Amino acid sequence: MSSHFARNAVGLAVLSFMSCLAWAQSDAAAAPGGAALPEVTVTGNPLGASALIAPTTSVSGEQLLLRSQSTLGETLNNLPGVSSTYFGPNASRPTIRGQDGDRIRILQNGGSAPDASALSYDHAVPVDALVTERIEVLRGPSALQYGGSAVGGVVNVIDNRIPSEPLDGFGGRVDAGYATGNREKSGGVVLEGGNDRYALHVDAFSRDADDTQVPIELACENPRRPGLARKICNSANRADGGAIGGTLFFDQGWIGASASTYRSNYGTVAEDDVTIDMKSDRYALEGEWRPGGFFTSIHGKLSHTDYRHTEFEGAEPGTTFANKSNDLRIEARHRKIGGVEGLIGFTSETNRFSADGEEAFAPHSRTRSNALFMHEELGTSWGRLSFGARTEQVKVTSLGSPDPDITRFAVGERDFHPHSAALGALVDLAPQWQLTSNLAYTERAPKDYELFANGPHVATAAWEVGNPDLQKEKSVGLDLGAQWKSGANHARVNAYVTRFRNYIGLDASGNVRDGEGNINPGPVETADGLVFPDVLDEYVYRGVRARFTGLEASGNLRLLGTEGFAMADDGATLDLQWRGDLVRAKNTDTGEPLPRIAPARVGSTLVYGSGPWTARLGFDHYAAQRRVPGVGARPTDAFTLWNAAITYRMKVQRANLTWYARIDNLTNKLAYSATSILTTTAFPDAPLPGRSLKVGLRASF
């Protein structure tokens, strides 16, 4: 590390400590039978506390089973503050509080797992809920410890491929399901076994789906599926993967390793005959040493990810994207000092990106980042206080293109030194009431494509141009929250505002470019007369001032049964789960709304439980989204989607069986996502999926 980097790290460490503290609860309502769901340790808190000051949601167990979709974005969609980029049924990333792309950090088991999904909306995230144990969503300042690329939030996918605790014997689960809306057949298996000295984990999954059904007829030029049909053309998908991992435990800690793979071949829906063949291999090493003394534990994670996908036009290979990454994270936790407990940490990440082919809109590049951070918490008589800071050193290098015929990419290097700091507090007003507040200052270094892109991007229907002179993106965020809990009843509300200076986004320049990159080309004279070439609108990465404000609320009300308004003779319970959110995002330089922002949403679900049976009926209402930019965006109408599910639990010898059936879009409503670029631009019609019945079985043992 350079002396400049070291001086900044020490300076920030002296000024403040790392944090984002804690009180969080799952958004899931109380379980049938009157017992509230137990608190879940949130790994987003590096101290392992069971709560965070900043808003956090954990999805696991039956809740994750019934939410599971083929993409990460759709699996988490409709959680408070969370929507989806929805590029058809095969590719979507979570959008958190109106922010997507490289402002949302996606992690696996708390470590980096790079891909190309933030680069383009049609690139899928290579994870699958079938072999996932839990997904955590950290919103707002709680994500500071993961750097500027997590300013919007963090999604942490936890799969236990490296067991961190000893296992007693052998166990696991098997899942199987079938959905009518796309004829999807899916299955997954997770097996674990061990004792107090070793543990072994093995998992595998498979999905195979046809084109997705929708409520209207759509045209399709795909020669394999020609004509009109009530399906999204070219939306079929095949995905397979698995992993093996193991851990050795010793008296003062443990060490483990895993190897995993993900393979997928799916249609890109924006073009009728283009498919993406994707593979991602990840190797991870993780361990913990508890030496005693001042540092009570030292936790380390090291991973290597090799990601690649090729875009095929029919049977012909086109552009190939690749991202090879190495990630190291070390956290050293210290003993309490005058009531203060916490840790110091170091992270190092190297990414080598390449894109080769006619539609390569970003150059070969290398990004290196190192960071120091600290996280400290102080317990008081009135609640808790947290402090935090992080300093980074980021170097982004454009290597141009190895193809001598492609000369449009600038070659160069930029260095950035982002710094971030946060302060959080939790106040216990009463046994049932708590107030939280979080204040964070965050800086983000521009990404390689924001600096050096120059080419046609089919997923955005634009010619994208980077700006090598971009400066750091800076933001100040404030989050205020209140939580109440009484038995099975609970409620939570959060309000937030984030102000950006130099918010980096794509703006229309007013120019157009042809396939060769010529600006504002004129007509070409041919034997048939003047012919105007096909052109794309030019969009340029620029920094502007921006403001995000919003409100999130969720809770559960027990209507029948223990602690409800009435008692049931048979011990049955009836709960009303409710949720809602609102976000406004504005370019304060121009006064225009920012693009692809979720509209106001409200929803509720009635949950009836009686013995082994649980039934759900609910809806999510989306308001119309008329707040769109004046150029290059389209508004969307309001709609309501109904859903229903039923589960039955039984025990057969050592196995616990959960039979389930769920219906998505119960009324087969025609709807369009306001956060999808497919909706907001002139792409072929791509509505949300129509009615689909999914039936399945989970066996746990």
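Go through region 600-628 and report how many residues are more than 25 Å from the chain's Cα centre (by Cα), outside any strand (DSSP E or B) and either polar (S, T, N, Q) or closer than 30 Å to residue 461 by Cβ (or both).
Pass one, region 600-628, residues more than 25 Å from the chain's Cα centre (by Cα): 606-617, 626.
Checking the rest, the ones that are also outside any strand (DSSP E or B) come to 611-612, 626.
Retained after the next criterion (residues that are either polar (S, T, N, Q) or closer than 30 Å to residue 461 by Cβ (or both)): 626.
Selection size over region 600-628: 1.
How many of the residues making up region 595-614 are modelled with pLDDT of 95 or more, in contact with a Gly (Cβ under 8 Å, 6 or more places away or on another chain) and closer than 30 Å to residue 498 by Cα?
7
With the condition being closer than 21 Å to residue 544 by Cβ, I'd like the strands (runs of 3 or more DSSP E) fully within region 383-469 carrying at least 3 qualifying residues.
Working: elements: 383-400, 412-416, 419-430, 433-444, 454-457, 462-465.
The qualifying strands (runs of 3 or more DSSP E) are 433-444, 462-465.
Quick grid of which residues meet (1) in contact (Cβ under 8 Å) with a residue 60 or more places away in the chain; (2) crowded, with 19+ Cβ neighbours inside 10 Å; (3) polar (S, T, N, Q); (4) not in a strand (DSSP E or B):
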residue: 225; (1), (2), (3), (4): no, no, no, yes
residue: 228; (1), (2), (3), (4): no, no, no, no
residue: 240; (1), (2), (3), (4): no, no, no, no
residue: 245; (1), (2), (3), (4): yes, yes, no, no
residue: 260; (1), (2), (3), (4): yes, yes, yes, no
residue: 277; (1), (2), (3), (4): no, no, no, no
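What's the number of the condition residue 633 fails, among (1) part of a loop (DSSP other than H, G, I, E, B); (2) touching an Asp or Glu at 6+ places or on another chain (Cβ under 7 Å); (3) of a type in the set (A, V, I, L, M)?
Of the numbered conditions (1) part of a loop (DSSP other than H, G, I, E, B); (2) touching an Asp or Glu at 6+ places or on another chain (Cβ under 7 Å); (3) of a type in the set (A, V, I, L, M), the odd one out for residue 633 is (2).
Can you tell which of 230, 225 is under 30 Å from the mean Cα position of the chain (by Cα) and basic (Lys, Arg)?
Numbers: 225 fails: under 30 Å from the mean Cα position of the chain (by Cα).
Exactly one residue qualifies, and that residue is 230.
I'd like to check which strands (runs of 3 or more DSSP E) are fully inside region 56-137 and have at least 1 residues that are more than 10 Å from the chain's Cα centre (by Cα).
The qualifying strands (runs of 3 or more DSSP E) are 56-60, 104-108.
Is it true that residue 308 is in contact (Cβ under 8 Å) with a residue 24 or more places away in the chain, within 21 Å of the chain's Cα centre (by Cα) and under 30 Å from residue 268 (Cα atoms)? Full working, then the answer.
On the way: in contact (Cβ under 8 Å) with a residue 24 or more places away in the chain: yes; within 21 Å of the chain's Cα centre (by Cα): yes; under 30 Å from residue 268 (Cα atoms): yes.
Judged against the criteria, residue 308 is a match.
Quick one: what pairs do we get from region 615-633, first residue on the phi < 0 side of the Ramachandran plot and at pLDDT 95 or above, second of a type in the set (S, T, N, Q) and part of a loop (DSSP other than H, G, I, E, B), C-beta under 7 Å, 6+ apart or different chains?
Every condition considered, the pairs that remain are 620/78.
Considering only residues that are within 30 Å of residue 230 (Cβ to Cβ) and polar (S, T, N, Q), look in region 163-203 and name the one that is surrounded by the fewest Cβ atoms within 10 Å (Cβ to Cβ). Reasoning before the result, please.
Just the residues of region 163-203 that are within 30 Å of residue 230 (Cβ to Cβ), to begin with: 175-188.
From what's left, polar (S, T, N, Q): 180, 182, 186.
Values: 180: 13, 182: 25, 186: 22.
Among them, the one singled out is 180.
Which of (1) surrounded by fewer than 16 Cβ atoms within 10 Å (Cβ to Cβ); (2) under 30 Å from residue 220 (Cα atoms); (3) in contact with a Ser or Thr (Cβ under 6 Å, 6 or more places away or on another chain) does residue 312 not meet, given it meets every other one?
If we test residue 312 against (1) surrounded by fewer than 16 Cβ atoms within 10 Å (Cβ to Cβ); (2) under 30 Å from residue 220 (Cα atoms); (3) in contact with a Ser or Thr (Cβ under 6 Å, 6 or more places away or on another chain), just (1) comes out false.
For region 317-339, which residues satisfy the criterion of being β-branched (Val, Ile, Thr) and either modelled with pLDDT of 95 or more or surrounded by fewer than 18 Cβ atoms within 10 Å (Cβ to Cβ) (or both)?
Of all residues in region 317-339, those β-branched (Val, Ile, Thr) come to 319-320, 330, 337.
Correct list: 320, 330, 337.
Based on what the data block shows, is residue 533 surrounded by 16 or more Cβ atoms within 10 Å (Cβ to Cβ), in contact (Cβ under 8 Å) with a residue 12 or more places away in the chain, assigned to a loop (DSSP other than H, G, I, E, B) and not acidic (Asp, Glu)? Full working, then the answer.
Working: surrounded by 16 or more Cβ atoms within 10 Å (Cβ to Cβ): no; in contact (Cβ under 8 Å) with a residue 12 or more places away in the chain: yes; assigned to a loop (DSSP other than H, G, I, E, B): yes; not acidic (Asp, Glu): yes.
No; evaluated as a whole, the condition is false for this residue.
Please specify each residue of region 606-637 satisfying the condition of being hydrophobic (A, V, I, L, M, F, W, C) and surrounded by 13 or more Cβ atoms within 10 Å (Cβ to Cβ). Full working, then the answer.
So the first thing to find is which residues in region 606-637 are hydrophobic (A, V, I, L, M, F, W, C), and the list is 606-607, 613, 615, 617, 619, 623-624, 628, 631, 633.
Those that are hydrophobic (A, V, I, L, M, F, W, C) and surrounded by 13 or more Cβ atoms within 10 Å (Cβ to Cβ): 606, 607, 613, 615, 617, 619, 623, 624, 628, 633.
Taking the condition of being part of a strand (DSSP E or B) and either at pLDDT below 90 or touching a strand residue (DSSP E or B) at 6+ places or on another chain (Cβ under 6 Å) (or both), how many residues in region 502-520 meet it?
We begin by selecting, within region 502-520, every residue part of a strand (DSSP E or B); these are 502-514, 519.
If we keep only those that are either at pLDDT below 90 or touching a strand residue (DSSP E or B) at 6+ places or on another chain (Cβ under 6 Å) (or both) too, we end up with 502-504, 506-514, 519.
Qualifying residue count for the region: 13.
Out of everything in region 217-250 that is at pLDDT 95 or above and of a type in the set (Val, Ile, Thr), what residue ends up being nearest to residue 176 (Cα to Cα)?
So the residue we want is 244.
Yes or no: residue 371 under 26 Å from the mean Cα position of the chain (by Cα), in a strand (DSSP E or B) and closer than 30 Å to residue 497 by Cβ?
Details: under 26 Å from the mean Cα position of the chain (by Cα): yes; in a strand (DSSP E or B): yes; closer than 30 Å to residue 497 by Cβ: yes.
Against the criterion (under 26 Å from the mean Cα position of the chain (by Cα), in a strand (DSSP E or B) and closer than 30 Å to residue 497 by Cβ), residue 371 qualifies.
Might you let me know whether region 369-389 holds any residue that is of a type in the set (Val, Ile, Thr) and surrounded by 20 or more Cβ atoms within 10 Å (Cβ to Cβ)? First the steps, then the outcome.
First, pick out the residues of region 369-389 that are of a type in the set (Val, Ile, Thr): 380.
Keeping just the survivors that are surrounded by 20 or more Cβ atoms within 10 Å (Cβ to Cβ) gives none.
Within region 369-389, not a single residue is of a type in the set (Val, Ile, Thr) and surrounded by 20 or more Cβ atoms within 10 Å (Cβ to Cβ).
How many residues does region 186-210 contain that are within 28 Å of residue 641 (Cβ to Cβ) and over 24 Å from the mean Cα position of the chain (by Cα)?
Of the residues in region 186-210, 1 are within 28 Å of residue 641 (Cβ to Cβ) and over 24 Å from the mean Cα position of the chain (by Cα).
Given (1) modelled with pLDDT of 95 or more; (2) under 19 Å from residue 66 (Cα atoms); (3) among the charged types (D, E, K, R), identify the lone condition not met by residue 136.
So residue 136 meets the others, but not (1).
With (1) buried (at least 24 other Cβ atoms within 10 Å of the Cβ); (2) of a type in the set (Gly, Ala, Ser); (3) modelled with pLDDT of 90 or more as the list, and residue 60 as the residue in question, which single condition is left unmet?
(1)
Does residue 562 qualify as being outside any strand (DSSP E or B), at pLDDT below 95 and under 20 Å from residue 629 (Cβ atoms)? Write out each step before concluding.
Numbers: outside any strand (DSSP E or B): yes; at pLDDT below 95: yes; under 20 Å from residue 629 (Cβ atoms): no.
Against the criterion (outside any strand (DSSP E or B), at pLDDT below 95 and under 20 Å from residue 629 (Cβ atoms)), residue 562 does not qualify.
Run down 136, 192 and say which single residue is of a type in the set (D, E, K, R) and touching a Leu at 6+ places or on another chain (Cβ under 8 Å). If you could, list the steps in order and put the result at the bottom.
On the way: 136 fails: touching a Leu at 6+ places or on another chain (Cβ under 8 Å).
Answer to the selection: 192.
Restricting attention to region 648-670, and to residues there that are modelled with pLDDT under 95 and in a loop (DSSP other than H, G, I, E, B), which single residue is farthest from residue 634 (Cα to Cα)?
Applying the filter and picking the extreme gives 653.
Which pairs have Cβ atoms under 6 Å, sit 6 or more apart or on different chains, and link a residue in region 64-80 that is touching a residue at least 40 places away in the same chain (Cβ under 8 Å) to one that is hydrophobic (A, V, I, L, M, F, W, C)?
Hits for this filter: 66/645; 68/129; 72/125; 72/127; 75/129; 76/82.
Determine the pairs where a residue that is more than 16 Å from residue 386 (Cβ to Cβ) and in contact (Cβ under 8 Å) with a residue 60 or more places away in the chain, located within region 327-352, has a partner that is aromatic (Phe, Trp, Tyr) and outside any strand (DSSP E or B) with Cβ atoms under 9 Å apart, the partner being 6 or more residues away or on another chain.
What qualifies is 347/146.
Kindly provide the set of residues from region 187-205 that are out of contact with any Ser or Thr (no Cβ under 7 Å at 6 or more places or on another chain) and among the small types (Gly, Ala, Ser), ordered by number.
Across region 187-205, the qualifying residues are 188, 193, 194, 204.
Between a residue in region 181-206 that is on the phi > 0 side of the Ramachandran plot and any residue that is of a type in the set (A, V, I, L, M) and surrounded by 17 or more Cβ atoms within 10 Å (Cβ to Cβ), which pairs come within a Cβ distance under 6 Å, given they are 6 or more apart or on different chains?
194/167
Those residues that are in a strand (DSSP E or B) and either hydroxyl-bearing (Ser, Thr, Tyr) or at pLDDT 80 or above (or both), I need them from region 521-530; list them, please.
The initial filter retains those residues of region 521-530 that are in a strand (DSSP E or B), namely 524-526, 529-530.
Of everything in region 521-530, just one residue is in a strand (DSSP E or B) and either hydroxyl-bearing (Ser, Thr, Tyr) or at pLDDT 80 or above (or both), namely 526.
The values are calculated or read from the model by the stated rules, or taken from the named source; none is laboratory data. Just so it is clear, the model here is predicted, and its values are computed rather than measured. Glycine gets a Cβ as well: all are built from the backbone with ideal geometry, and neighbour counts include every protein chain shown.
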